[in-house]
Amino acid sequence: MPLTPDRTGLRVATMAGFLACAGVPLYIHLPRFLVEAGLSLSAAGALLLGLRMLDFVQDPLLGVWADRAGPSYRPRMAALALLGLGAGFAIVFVLQPGVLGLSLGLVLLLSAYSLGTILFYAQGVAVAGGAGDVGHFRLAGWRETGAVVGIIFAAMLPSLVASAHGSSAGYAALGIGMVLAAPLVWRISAPIWSVPSSVTSGFSLRAFRNAGAARLLLIGLFNAMPVAVTSTLFLFYVEDWLGAADFAGALLLAFFLAAGLAIPAWAGLAARYGARQVLLPAMLLAVFAFSWAALLPQGAVVQFLVVTVVSGAALGADMAILPALFATRLKRSDLPSAVGFGAWAFVSKSALALSGILVLPTLEIAGYVPGGVNDAPALRTLAAAYAIVPLFLKLPAIWMVARLADD
């Protein structure tokens, strides 16, 4: 099946958008949602860590399962993932049960998200086919642009509905939307699952390292952690440091719109000039943006808007280039794509777990209370956790990208 803008690209974007609703938006909403459900910041961080510990075990196993089942089973497995995502969103955000029900619902939601993401990115290797690096970057442009649309939908909808009907109704609207979207997304995206996938060689850790995939996984971990920290603390920072709760939705929209608009440009530049030559300056741009954020005083909403736009545009490069670069390494070395992206999913989610256990208990120890009356030291700790910690987390990723061989 050719990768054409009017057919395959739109199908890829649709599937990516649906899956993305269970990615970054959960980073944004879950801390607030769990606190409103009655959990402390430490308990919320512990629950998120526990869920990610499950991922530590299941994501690589899901990748092995997908590869051993074979390409012919991917359509049925993808349908199972979509069904599980819809059901998980319904349990967590529509029913809004107690802590036990929330935990079980989140296990279902995140497990289905893991399976769907692994299958989708692995199938992308087949969809891009023999088009080489250019084909993978073109596919990444469609995929990550669709993902940004999904992120905007899932990040914004609860806030928009909550402004008129309360936060519980906002979260319920998200859950209902996902339940209704699941069968429609399956119908639209079904043809991409029929693209034949070549049988690859078995998994070998040595071959994985020799292909450079292991190094890319490490880059992915350090590069995802700053995004996980800022996503986890975004609403807290905007509402309690900036005092701009009414602008939170608009700031989120500006951030993800900037990323979405930048993704096609980053993908095109990477296809023309090479991944390292484009990714490195984009990462330095992100550091510049957050260096400025660290200096913002309370109430600096306009200045923070500039930070969100610049850092969002820089994020577009991470989204467009790193997964495509990883896919090309798997393809060139004939490595099993589902196992590879099982490891990629494991790394991405590890970033959320590490960020949650790093910053949420620290804020509680500092005396920070979300939405409450906070003293100056607690608010300064919040600002530092949001704007300074990500800078140090980004530096190892920049160093490793600088040492990548040119592609």
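Just so you know, all these numbers are worked out from the coordinates, no wet-lab data involved. Everything numeric here is computed off the predicted structure, so don't read it as measured data. Using ideal geometry, Cβ is built from the backbone for each residue, glycine included, and neighbour counts are taken over all protein chains shown.
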Residues other than residue 217 with Cβ under 11 Å of its Cβ, Lys/Arg counted +1 and Asp/Glu -1, net out at +3
Order of 355, 159, 194 from fewest to most other C-beta atoms within 10 Å?
194, 159, 355
Net charge of Cβ neighbours under 12 Å - reference residue 348; Lys, Arg +1; Asp, Glu -1
-1
For segment 212-347: Kirkwood Rh in Å [reciprocal of mean 1/r, alpha carbons]
16.0 Å
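What do you get for Rg/Rh of segment 96-163 when both radii come from the Cα atoms and Rh is the Kirkwood radius? If you can, show how the numbers build up before the last one.
Values: Rg = 16.7 Å, Rh = 14.6 Å.
Rg/Rh for segment 96-163 comes to 1.14.
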Enumerate the helices in the chain for which the Kyte-Doolittle hydropathy averages -0.5 or more and the C-alpha atoms extend at least 30 Å along the helix's axis, using complete DSSP H runs.
41-69, 99-128, 132-165, 167-189, 213-236, 248-273, 301-332, 337-365
Identify, among 91, 326, 25, the residue whose Cα sits farthest towards the positive end of the charge dipole of the chain, taking +1 on the Cβ of Lys and Arg and -1 on the Cβ of Asp and Glu, with the dipole about the Cα centre.
326
State log₁₀ I(q)/I(0) for segment 22-124 at q = 0.11, 0.13, 0.16 Å⁻¹ as given by the Debye formula over alpha-carbon point scatterers of equal weight, solvent excluded.
-0.35, -0.48, -0.70
Once you treat every alpha carbon in segment 28-72 as an equal point and sum by Debye, what is log10 I(q)/I(0) at q = 0.18, 0.21, 0.27 Å⁻¹?
-0.62, -0.69, -0.88
Net charge around residue 241, counting only other residues with Cβ within less than 14 Å of its Cβ (Lys, Arg = +1; Asp, Glu = -1)?
-2
Helix-derived mean residue ellipticity, 222 nm - over the chain, DSSP H n ≥ 4, -39500 (n - 2.57), to 500:
-27500 deg cm²/dmol
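Could you give the semi-axes, largest first, of the ellipsoid that matches the chain, computed as the square roots of 5 times the alpha carbon gyration tensor eigenvalues and rounded to whole Å?
On the way: eigenvalues 207, 119, 74 Å².
Three semi-axes, in Å: 32, 24, 19.
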Using the Kirkwood formula over every pair of different C-alpha atoms, what hydrodynamic radius in Å results for segment 231-284?
13.0 Å
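Convex hull over the Cα atoms of segment 316-407, averaged projected area in nm²?
Working: hull surface 31.0 nm².
Quarter of the Cα hull surface area: 7.8 nm².
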